[in-house]
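**Q** What follows is a single structure, and I will ask about it in a moment.
The values are calculated or read from the model by the stated rules, or taken from the named source; none is laboratory data. Keep in mind that this is a model prediction, so the values were computed, not measured. Here the Cβ is made from the backbone with ideal geometry for all residues, glycine too, and neighbour counts use every protein chain on show. Just so you know, the surface numbers come from the protein's heavy atoms only, side chains and all, with ligands and any DNA or RNA stripped out. Shrake-Rupley method; radii C 1.70, N 1.55, O 1.52, S 1.80 Å.
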Amino acid sequence: MKFLEKSQGRTMKKKVLLMGKSGSGKTSMRSIIFANYIARDTRRLGATIDVEHSHVRFLGNLVLNLWDCGGQDTFMENYFTSQRDNIFRNVEVLIYVFDVESRELEKDMHYYQSCLEAILQNSPDAKIFCLVHKMDLVQEDQRDLIFKEREEDLRRLSRPLECACFRTSIWDETLYKAWSSIVYQLIPNVQQLEMNLRNFAQIIEADEVLLFERATFLVISHYQCKEQRDVHRFEKISNIIKQFKLSCSKLAASFQSMEVRNSNFAAFIDIFTSNTYVMVVMSDPSIPSAATLINIRNARKHFEKLERVDGPKHSLLMR
């Protein structure tokens with residue numbers, strides 16, 4: 001992984017290319033993740049003309065410089081000729097979106113290979129992600145097979161570069177899984193963050209601790225002490241809480257914290273730092289809620305320092 005260079009607290013920009021044929025769903029997913037759209041509202045979005053630039057602040061001084069590239073044939077051809085250097089230079093991440101039901105799969109693959117050639121020439125260290133999108137349109141019993149076949153084709157076509165493939169739909173939590181994996185590649189000091197999250201979980205005797213980016217509610221780090229049954233729980237929680245936050249905002253209320261408790265566990269979701277929420281899962285009934293909330297509050301200042309690119313190198317120590 002490429003780490004951000006230290007820069008005395010200055011804003012650090014990471015260039016992210018979002019590409020794919022027109023109608024594949026690029027702008028809809030971008031709007032859900034970064035602009036607080038709900039799925040049904042994306043029907044109002046029109047086709048992207050040429051390149052739409054947006055700067056998304058993420059974790060304080062990290063800014064995602066997102067290039068949403070229109071997928072009409074004329075634009076695509078220009079990207080590979082007259083705009084080639086401008087589009088593909090200094091790219092950290094390429095996200096290529098495929099409509100799983102596209103009737104022009106061959107052309108899709110041709111454009112994808114042209115992207116890879118340009119990336120190899122201009123940004124050979126870029127991370128490549130392929131999103132096989134609109135999977136909700138495929139019969140449920142066929143989804144695994146179709147995705148596996150498409151993933152094998154894409155991995156073969158991508159050589160010598162490597163690509164990570166995800167199945168996605170704007171109608172379920174799969175979108176959050178894919179985008180959490182993408183932004184994880186861009187987070188500065190991520191190993192330091194994970195080490196401290198592990199120490200925090202062990203100190204407070206938590207079963208699991210998750211860290212969410214505050215605006216998008218994407219999972220950026222986690223640590224688990226006990227095995228959990230649901231492997232899709234992170235993206236499900238992201239989706240549910242993001243929808244709940246949007247419902248609160250429509251009532252002119254702001255979401256701050258939540259506690260869910262039953263006979264087996266207690267889960268706490270609370271504002272953690274200025275850029276994150278934390279979720280702490282506890283199964284020990286002898287630990288009172290007040291103690292967990294105090295522990296979350298006491299850890300905030302330390303994690304605030306870690307988020308800064310020029311933050312300290314010391315860790316949260318076991319006591």
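**Q** For region 256-275, state whether one or more residues are open to solvent by 40 Å² or more (accessible area, probe 1.4 Å), among the aromatic types (Phe, Trp, Tyr) and closer than 21 Å to CYS225 by Cα.
**A** Yes, that holds for at least one residue.
**Q** State all residues of region 87-110 that are aliphatic (A, V, I, L, M) and over 11 Å from GLY71 (Cβ atoms); if no residue qualifies, say none.
**A** The answer is ILE87, VAL91, VAL93, LEU94, ILE95, VAL100, LEU105, MET109.
**Q** List, please: which pairs have Cβ atoms under 8 Å, are six or more places apart or on different chains, and start with a residue in region 14-34 that is closer than 17 Å to ARG167 by Cα and end with one that is among the basic types (Lys, Arg) and surrounded by fewer than 22 Cβ atoms within 10 Å (Cβ to Cβ)?
**A** Partner pairs satisfying both residue conditions: LYS21/LYS107.
**Q** Quick check on region 177-198. Is at least one of its residues at pLDDT 90 or above and part of a strand (DSSP E or B)?
**A** no
**Q** I would also like to ask the following. Enumerate the pairs (first residue in region 202-223 and in contact (Cβ under 8 Å) with a residue 24 or more places away in the chain; second residue anywhere and assigned to a loop (DSSP other than H, G, I, E, B) and surrounded by 18 or more Cβ atoms within 10 Å (Cβ to Cβ)) with beta-carbon separation below 6 Å, excluding pairs fewer than 6 apart on the same chain, so at least 6 apart or on different chains.
**A** Going by the 6 Å Cβ cut-off, the qualifying pairs are ARG214/ASN275; ILE220/ILE187.
**Q** For region 132-157, which positions are outside any helix (DSSP H, G or I) and closer than 18 Å to GLY71 by Cβ?
**A** VAL132, HIS133, LYS134
**Q** Please verify whether region 223-234 includes one or more residues that are among the acidic types (Asp, Glu), in a helix (DSSP H, G or I) and either touching a Ser or Thr at 6+ places or on another chain (Cβ under 9 Å) or modelled with pLDDT under 85 (or both).
**A** No - not one qualifying residue is present in region 223-234.
**Q** How many residues, within region 128-146, are open to solvent by less than 60 Å² (accessible area, probe 1.4 Å) and either in contact (Cβ under 8 Å) with a residue 40 or more places away in the chain or of a type in the set (S, T, N, Q) (or both)?
**A** 5
**Q** Evaluate the following for PRO160: is it closer than 27 Å to GLU117 by Cβ and not in a helix (DSSP H, G or I)?
**A** In short, yes.
**Q** Looking only at region 163-175, how many residues end up being in a helix (DSSP H, G or I) and open to solvent by 30 Å² or more (accessible area, probe 1.4 Å)?
**A** Selection size over region 163-175: 1.
**Q** Mind checking which residues of region 41-81 are open to solvent by less than 20 Å² (accessible area, probe 1.4 Å) and basic (Lys, Arg)?
**A** none
**Q** Any idea how many residues of region 108-131 are farther than 15 Å from GLU152 by Cα and either among the hydroxyl-bearing types (Ser, Thr, Tyr) or in a helix (DSSP H, G or I) (or both)?
**A** Qualifying residue count, region 108-131: 13.
To keep it simple, each residue is scored yes or no on (1) in contact with a strand residue (DSSP E or B) (Cβ under 9 Å, 6 or more places away or on another chain); (2) at pLDDT below 90; (3) of a type in the set (A, V, I, L, M, F, W, C).
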| position | (1), (2), (3) |
| --- | --- |
| LEU246 | no, yes, yes |
| ALA253 | no, yes, yes |
| GLU259 | yes, yes, no |
| ASN264 | no, yes, no |
| ALA267 | yes, no, yes |
| ASP270 | yes, no, no |
| ILE287 | yes, yes, yes |
| THR292 | yes, no, no |
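**Q** Can you tell me which residue within region 185-232, out of those that are among the basic types (Lys, Arg) and more than 30 Å from THR11 (Cα to Cα), is surrounded by the fewest Cβ atoms within 10 Å (Cβ to Cβ)?
**A** Here the residue is ARG229.
**Q** Just the residues that are in contact with a helix residue (DSSP H, G or I) (Cβ under 7 Å, 6 or more places away or on another chain), farther than 15 Å from ALA126 by Cβ and surrounded by 15 or more Cβ atoms within 10 Å (Cβ to Cβ), please, taken from region 92-108.
**A** VAL97, PHE98, VAL100, SER102
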